[in-house]
Amino acid sequence: MQVKETDFKIASSVTTFSPGTHCHFVVTNNGNMAHEFMILPQSEGNWEMGMGNRHKIAFASIDMVHPGETKTLDYTFPSSAAGSHLEFACYLPSHYDAGMRQRVSVNS
């Protein structure tokens with residue numbers, strides 16, 4: 001799956017996944033600043049959670065994708081994620097608020 005990061009947007013070629021399916025994410029940063037890529041539960045406006053805690057609840061992540069860089073991530077959505085709404089996000093300071101998130105779902 002292709003994931004494109006820019007300043008400040010995440011766009012994925014696929015936004016609906018099936019539990020148990022192995023996914024190979026190819027994350028490219030087409031922006032002018034570094035970004036991260038995280039797969040985690042949708043925030044629903046839970047801003048009290050600090051950055052360190054977001055990394056703890058992330059299902060998978062790439063810590064830093066520099067401008068012009070491409071990194072890959074392999075992840076299998078677990079059966080426990082069936083029917084859930086997740087998001088791809090960058091939580092570097094002010095990036096999420098600026099729009100660096102893509103809602104995704106896992107089929108039930």
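Results, tabulated for the structure shown:
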| read-out | value |
| --- | --- |
| All positions within region 1-45 that are more than 13 Å from the chain's Cα centre (by Cα) and aliphatic (A, V, I, L, M) | MET33, ALA34 |
| Some residue of region 6-17 being acidic (Asp, Glu), at negative phi and in a strand (DSSP E or B) | no |
| Selection count, region 55-90, where residues are under 20 Å from MET33 (Cβ atoms), open to solvent by less than 20 Å² (accessible area, probe 1.4 Å) and outside any strand (DSSP E or B) | 1 |
| Subset of region 19-33 (residues that are modelled with pLDDT under 95 and polar (S, T, N, Q)) | THR21 |
| Close pairs from region 83-98: first of a type in the set (S, T, N, Q), partner open to solvent by 10 Å² or more (accessible area, probe 1.4 Å) and in a loop (DSSP other than H, G, I, E, B), Cβ under 9 Å, at least 6 apart | SER84/GLN42; SER84/SER108; SER94/PHE8 |
| Residue within region 34-49 that is assigned to a loop (DSSP other than H, G, I, E, B) and either crowded, with 16+ Cβ neighbours inside 10 Å or at pLDDT 95 or above (or both) present | yes |
| Count of region 71-100 residues which are polar (S, T, N, Q) and closer than 19 Å to MET1 by Cβ | 3 |
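The values are calculated or read from the model by the stated rules, or taken from the named source; none is laboratory data. All values derive from a computational prediction rather than experimental measurement. No Cβ is skipped: glycine too gets one built from the backbone with ideal geometry, and neighbour counts run over all protein chains shown. Ligands, DNA and RNA are stripped out before the accessible areas are found, and what is left, the full protein with its side chains, is counted by its heavy atoms. Shrake-Rupley method; radii C 1.70, N 1.55, O 1.52, S 1.80 Å.
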